[in-house]
Amino acid sequence: MAIVRVAVAAPLPELFDYRLPAGWLDCEIGRRVLVPFGRGRRLGLVVDRQPESAVADHRLKEIEHCLDDGPLLTPQDLELLNWASAYYHCPPGEALFTALPARLRRADTDFKERRRGWRIPIDARAVDDGLLARAPRQRAVWSILQAHPEGIDEASLREQLGDCRAALRSLERKGLLEPASAEVPLDDGSPPSAGTPAPLPELNAEQQAAVDRIDQTLGFACFLLDGVTGSGKTEVYIRLILNTLARGRQVLVLVPEIGLTPQLAERFAQRIPVERAVLHSALAERERASSWLRAARGSARLVLGTRSAVFTPLPELGLVIVDEEHDVSFKQQDGFRYSARDVAVRRAQMTDCPVLLGSATPSLETLRNAELGRYRHLRLRQRAGGARPPRLLLADIRSQPLVTGLSHALLTRMGEVIEAGNQVLLFLNRRGFSPVLTCHDCGWISVCRHCDARMTLHRGRGRLVCHHCGDQADLPVHCPYCESPDLRPLGQGTERVEDSLRQRFPGIPLARIDRDSTRRRGELERVLTAAQAGAYPILLGTQMLAKGHHLPGVTLVGILDIDHGLYGSDFRAGERMAQLLIQVAGRAGRAELPGTVLVQTRHPNHPYLQQLLRKGYGAFAAAALAERADAALPPFSFQALVRADSREEQFALEFLERARGHAIALAHQGIQVWGPAPASMERRAGRFRAQLLLQSPERAPLHALIRVLLPALRGLSGNRRLRWSIDVDPLEML
Ligand code: ADP
Ligand code: ZN
Ligand code: ZN
């Protein structure tokens, strides 16, 4: 085996052959290597070995370095990544290196790290610990330090003793210890916290039935856990996790949002006494690499993470759980455009283990798969532990006077709830003070220079900000067009509603939760914990607040503006609106207190709203599926989008015109080619965007077309200023 095939860390469709240097016997599959590439060198990963290469001998180059002590990825990990790279038509090197944590994407990965620590100075080693007889904390620290003469890092000390900073300070003052830096391997595990796990509530009949069904499964099966909000899906997860761990297997749990991991991680920590690893993009590089390695080496038994965690190597994987499976953030929207939910299902199939998709508002794709019998449909119809379902009410706001978007009906109810000592949650999916600033005299509006969009007024920061490209400008004092000083904010975002509520309910603590208010690290966690404990009678937020959180004191949920979701241009707008409404509504009345949800709308008779209110999400979804079937839209057909953008208006469209020609020439019968069409916001960040839609009643012919189309498109795009991409199973039209 003298030739290795290498996926090079670059967006190139090919694999490259390299020779092993003389004297090398082998370089295993799954190892990282440094290879000469073009005029430089690149990081790569060995994906295959062969006796010979199709490349002429004299043109073959040699591997320069073989990194790491052993393979980072197993053949099984590679099989999954190869599948995903082929399915999403993403270059193998790009897919592979997207799946690795950032620290492992660099050649100089250090697998050790230095951490701050402590040791006993040499001349103090003989000191009698009788001295510390009356200081038990110091004595505990001392005895651990004695067992580690070379020093121990502070984090490990804290893991064993809790917060021991006071004891450390006292010991240092007495000259009994000194700072020392300790070297720790990156995959050093944190042992599960000692102490007995919190008791498990007794499952109700539906929960137990779900657990039993899944536990009885040997090998692969995909389950949909379709449970109303607050029905105890997480308790079902916990039981299944414990049972799987008891069988000696690892468990992978995927959540859509970073914001959801602390709460779930905490709940797991209390109940599941094993080594865990958390993986999401807000972690420091070091922590992320550490989690990844601990999972890959098998020491972490439970892995909780967001989208990219789906590729974490888990040699003994026995169960995959995807929580809030309907959430669009499982789909990566750039580069390697995979759906972590769909990859999770495929992974379970390859591993031959069960996978569980949980949601109170399953996606229409998943419901269709359940209908077809591919997924097994498990239902939790009741809220757990005696909580009642929330009451949904529509507030018709046509010709009603509104106070910054709040109707009289909502304000009155809010007053009652606050008076009674309970919590209100208000939902408005728009951050900032107002979505546009306008001149009262000439009608000028604050448009973005780079996008077909308006700039949002952020009064706290005193800026105009474009939410699409991030461009910012100082707040103008005069109209830039007619110089009038009469500039007025139009409409409201969370910042403005907060202002108004503070005036209306003076002295009542209020927490605003959106991306602006939770910018600081740990802030979201802090506010949510305080909110959970009832610290804020009023909670106001964007969709950050809508997802999964358990807020037992909330008895009233107000949805300020649902209407933009009713008439969206995307065919999925209705589905998204329904999911959001039910999820936000689900924050109400999750404990003993019953909850009410007030939805403000100018379209109270809209069939979607009526269906949701009267019959619930299941009936809505059935009707929406019937509409999709009539229109032959997904999940009754399969789509891929070719997107293109360029600085000059014509290039993107011209490229897609030619792409269309190729697609039509190459396509088999049944495949439809729509477009090209400019994006609904055509110009964004200074680039003109357009798309071509490929649609097919069957999956296979669509993929066959893409396979032959892509090389043709690569040949077409000689224009360096043009960017283009392919998105398989797109969730968002531009
Ligand atoms: P979901 O994930 O479906 O929204 P959770 O698992 O968060 O629901 O459960 C909602 C609340 O009900 C939690 O406080 C949970 O501890 C409680 N709960 C869940 N199952 C039971 C049960 N069988 N008995 C009592 N309380 C339960
Ligand atoms: Zn003006
Ligand atoms: Zn912009």
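Every number here is computed from the coordinates shown, using simple stated rules; none is lab data. Predicted model only: the values in this text are computed from it and were never measured. Neighbour counts run over all protein chains shown; Cβ positions are idealised from the backbone, glycine included.
Report, in deg cm²/dmol and to the nearest 500, the calculated mean residue ellipticity at 222 nm for the chain, where each DSSP H run with n ≥ 4 adds -39500 (n - 2.57) and the sum is divided by the residue count.
Numbers: 19 runs with 224 residues, N = 734.
It comes out at -9500 deg cm²/dmol, rounded to the nearest 500.
Using only alpha carbon pairs under 8 Å that are at least six residues apart, calculate the relative contact order of segment 433-500 and give it in whole percent. Can you show the working numbers first?
Values: 130 pairs, mean separation 26.7, N = 68.
Result for segment 433-500 is 39 percent.
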**Prompt:** What's the longest piece of the chain with no exposed chymotrypsin sites (Phe, Trp or Tyr not before Pro), counting a site as exposed if DSSP puts it in a loop and it has at most 13 other beta carbons within 10 Å?
**Reply:** 25-480
**Message:** For a quick check: sort R643, R519, R381 by the number of other beta carbons within 10 angstrom, fewest at the front.
**Reply:** R519, R381, R643
**Asked** By how many nm would the segment from A420 to D630 lengthen if fully extended, with 0.36 nm per residue of separation less the alpha-carbon distance?
**Response** 70.7 nm
**Request:** Go through segment 593-681 and name the GluC sites (Glu not before Pro) that are in a DSSP coil and have 14 or fewer other Cβ atoms within 10 Å of their Cβ.
**Result:** E648
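Relative to the present Cα-Cα distance, how much length would full extension add between R647 and A535 at 0.36 nm per residue of separation?
On the way: separation 112, 0.36 × 112 = 40.32 nm, distance 4.97 nm.
So the chain would gain 35.4 nm between R647 and A535.
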**Asked** Within a Cβ distance under 13 Å of T555, other residues only, what is the Lys/Arg minus Asp/Glu net charge?
**Response** +2
**Fill in**
Singleton cysteines, the chain, no second Cys beta-carbon under 4.7 Å -> C27, C66, C90, C164, C222, C353, C469
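Cross-chain or 8 or more residues apart, Cα under 25 Å: how many lysine pairs in the chain fit that? Count them up, please. Provide the component values of the computation, followed by the final result.
Numbers: K233/K331; K233/K547; K233/K615; K331/K547; K547/K615.
Lysine pairs satisfying the spacing and distance rule in the chain number 5.
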**Prompt:** Which parts of segment 358-398 would a label at Y567 reach, counting a residue when its backbone N lies under 14 Å from a point 7 Å out along Cα-to-Cβ?
**Reply:** 398
**Request:** Return the loop-located trypsin sites (Lys or Arg not before Pro) in segment 661-732 (DSSP other than H, G, I, E, B) with at most 13 other Cβ atoms within 10 Å of their own Cβ; answer none if there are none.
**Result:** R720, R721
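Using Cα-Cα distances under 8 Å and only pairs 6 or more residues apart, what relative contact order does the chain have, in percent?
It comes to 10 percent, rounded to a whole number.
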**Complete:** For L161 and A665, extending 7 Å from Cα along the Cα-Cβ vector and measuring point to point gives, in nm, a value of 7.5 nm
**Fill in**
When D68, D188, D342 are arranged by how many other beta-carbons sit within 10 Å of their Cβ, fewest first, they go D68, D188, D342
**Asked** Given H placed 1.01 Å from N in the peptide plane, which residues other than close sequence neighbours of L357 have an amide H under 5 Å from its amide H?
**Response** F223, L224, L225, V322
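Figure the gain on full extension for R297 and H603 (residue separation times 0.36 nm, minus the Cα-Cα span) and round it to one decimal in nm. Don't jump to the answer; show the numbers that get you there.
On the way: separation 306, 0.36 × 306 = 110.16 nm, distance 5.54 nm.
Between R297 and H603, full extension yields an extra 104.6 nm.
If you keep only loop residues by DSSP, which GluC sites (Glu not before Pro) in segment 675-734 have at most 15 other Cβ atoms within 10 Å of their Cβ? Walk me through the numbers before you get to the answer.
Details: sites: E682, E698, E732; in loops: E698, E732.
Loop-located and lightly packed - E698, E732.
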**Prompt:** Roughly how many nanometres apart are two label points built 7 Å out from the Cα toward the Cβ at R459 and R714?
**Reply:** 5.5 nm
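What is the calculated FRET efficiency for E371 to E202, with r their C-beta to C-beta distance and R₀ = 35 Å, to the nearest 0.05? Could you put the intermediate results ahead of the total?
Values: r = 32 Å, r/R0 = 0.92.
Efficiency, rounded to the nearest 0.05: 0.60.
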**Prompt:** Taking θ as phi - 60°, what are the ³J(HN,Hα) couplings along segment 263-270 by the Karplus curve (6.51, -1.76, 1.60), each to the nearest whole Hz, with x for Gly and Pro?
**Reply:** 4, 5, 4, 5, 5, 5, 4, 6
**Request:** Quick one: what are the phi-derived ³J(HN,Hα) couplings along segment 554-565, Karplus 6.51/-1.76/1.60 with θ = phi - 60°, whole Hz, x for glycine and proline?
**Result:** 7, 10, 9, 10, x, 9, 6, 8, 9, 5, 4, x
**Complete:** For R116 and D474, extending 7 Å from Cα along the Cα-Cβ vector and measuring point to point gives, in nm, a value of 4.0 nm
**Long-range HN-HN contacts of S517 with modeled amide H, under 5 Å** = none
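Provide the net charge surrounding L545, with neighbours chosen by a C-beta distance below 12 Å and charges set as Lys +1, Arg +1, Asp -1, Glu -1. If you can, show how the numbers build up before the last one.
Details: positive: R431, R512, R515, K547, R587; negative: E257, D514.
Taking every other residue near L545 into account, the sum is +3.
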**Message:** Can you work out the Karplus-derived ³J(HN,Hα) for every residue in segment 673-679? Use 6.51 cos²θ - 1.76 cosθ + 1.60 with θ = phi - 60°, whole Hz, and x for glycine or proline.
**Reply:** 10, 10, x, x, 10, x, 4
